[in-house]
Each structure stands twice: as structure tokens, then as C-alpha cells.
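FYI, it's all coordinate maths here, none of it is from the lab. Given the structure is predicted, the values throughout are model-derived calculations rather than measurements. Here Cβ is always computed from backbone atoms with ideal geometry, including for glycine, and neighbour counts include all displayed protein chains.
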Amino acid sequence: MNNLVWFRNDLRTQDNSALFQACKKQGKVIGVYFLDPRQFEKNKYGF
């Protein structure tokens, strides 16, 4: 059985309880993260 871990905006791995639980189980651990293009748009401050 494979274990899927769906990452949101927080990509921390050191204290991620979902990742920890998936690693304890038998099988592969697959991490999924989708980039949101809105995070790369300029805001009103120029960032």
C-alpha cells in the first residue's frame, strides 16, 4: 500500500504529523504539492 501526503502552503517536514504517520506505515510515501500561480503575481507593494 502507498501513503499519500498532501502538502498545503506549509512545506515543513520536521514536525509534520501527517508525514510522520505515513512514514510509520508500510509502503511508499508519496508527497504531493501543487504550485498556485497566484503566489507569484505582483501585489500592490511590488512583491
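Select one label from (1) 14.9, 47; (2) 14.4, 44; (3) 13.6, 38: the one whose number is Rg and Dmax of the Cα atoms in Å as derived from the coordinates shown. Given (1) 14.9, 47; (2) 14.4, 44; (3) 13.6, 38, the structure-derived one carries the label (1). Put a dot 7 Å past the Cα of Lys25, heading toward its Cβ, do the same for Asp10, and the two dots end up 2.0 nm apart. Entry note, the chain: relative contact order of 47 percent, from Cα contacts under 8 Å with a spacing of 6+ residues.
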